[in-house]
Amino acid sequence: MEFILWVVVILVICLLLSSIRQIDEYERGILFQFGKFKRLLKPGWNIVLPIIQSYQKVDIRTKAVDVPEQDAITKDNVSIRINAVIYYKVFDASKAIIAVENFRYAVSQLAQTTMRNTVGAVSLDELLSEREKISEEICTIIDKATDPWGIKVENVELKDVKLPEEMQRVIAKIAEAEREKQAVITKSTGEKEAAENLAKAAEIMSSSPGALHLRTLATLNDISSDQSNTIIFAVPIEVLSAFGKDNMQKVVEKVTKK
């Protein structure tokens, strides 16, 4: 009788030990009894009775999932290849197990489809210049669709957009033409400002007697600094006007006779 009692005690102890299930802090357990959802298992040691009960663990940490590269066509009929990364976490473990068969696979497929549809609704220029806005739009759509599954989509980032080589050459030509356009505009603006400054300088010199002569002397000083044998001396108009019209004719006649 005593032997049977010890056997029963040992069996009970073994049964209890085999029923202990550990749930880590970053996990939640879903307990089923006779195939029906019973309750949520919290972190720590939990008792799961064999045969009549079963459980599944769900990792509730944020997951970074690489969305495979997808072929897509933009709104302006440009073929591209695009990939992304999606960050999500499980906020309701029971829904993630009961509401969807495989929530990891489901989120990945939903992200691929949403990414292709969203890219197809925008032009290439919008995709390249407004990637952050498009990423937020994709995130909003996926988060709304996965909410019944107990999943919270935290962020979606477009990683890379690959263009065909022909389109890359076209974009390079457009960029080159834009740079040439800016260069011409900058040059013409500089010429306009230089002309305005010269006009102001001429106006100031004309209002100050002798200013033009001083400028001429300064120019001669600059020319002589390069050790040139030729010196060009510009006679101011004021000097020539001092001779008068009659005196100028006499000078011209003497030069002609010689």
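The values are calculated or read from the model by the stated rules, or taken from the named source; none is laboratory data. What you see is a predicted model, and the numbers here were worked out from it, not measured in a lab. Cβ sites come from the backbone with ideal geometry, for glycine too, and all protein chains shown count toward neighbours. These accessible areas exclude ligands, DNA and RNA; they are computed on the full protein's heavy atoms, side chains included. Shrake-Rupley method; radii C 1.70, N 1.55, O 1.52, S 1.80 Å.
For the range 5-62, the dipole from Cβ point charges (+1 on Lys and Arg, -1 on Asp and Glu) about the Cα centre works out to 240 debye, to the nearest 20. Expressed as a whole percent, the accessible area of the range 1-152 that falls on carbon and sulfur atoms is 58 (1.4 Å probe). Excluding ligands, DNA and RNA, the accessible surface per residue across the range 29-78 is 65 Å² with a 1.4 Å probe. Pairs exceeding 32 Å between alpha-carbon atoms, taken from LYS159/LYS187; LYS89/LYS133; LYS63/LYS162; LYS38/LYS152; LYS75/LYS173: LYS159/LYS187. Run down the aspartates and glutamates and flag those whose C-alpha is under 20 Å from the C-alpha of LYS181, throwing out any fewer than 8 positions away in its chain. Cα-Cα hits under 20 Å: ASP125, GLU191, GLU193. Average accessible surface for the range 114-202: 68 Å² per residue, computed with a 1.4 Å probe over protein heavy atoms with every protein chain in place.
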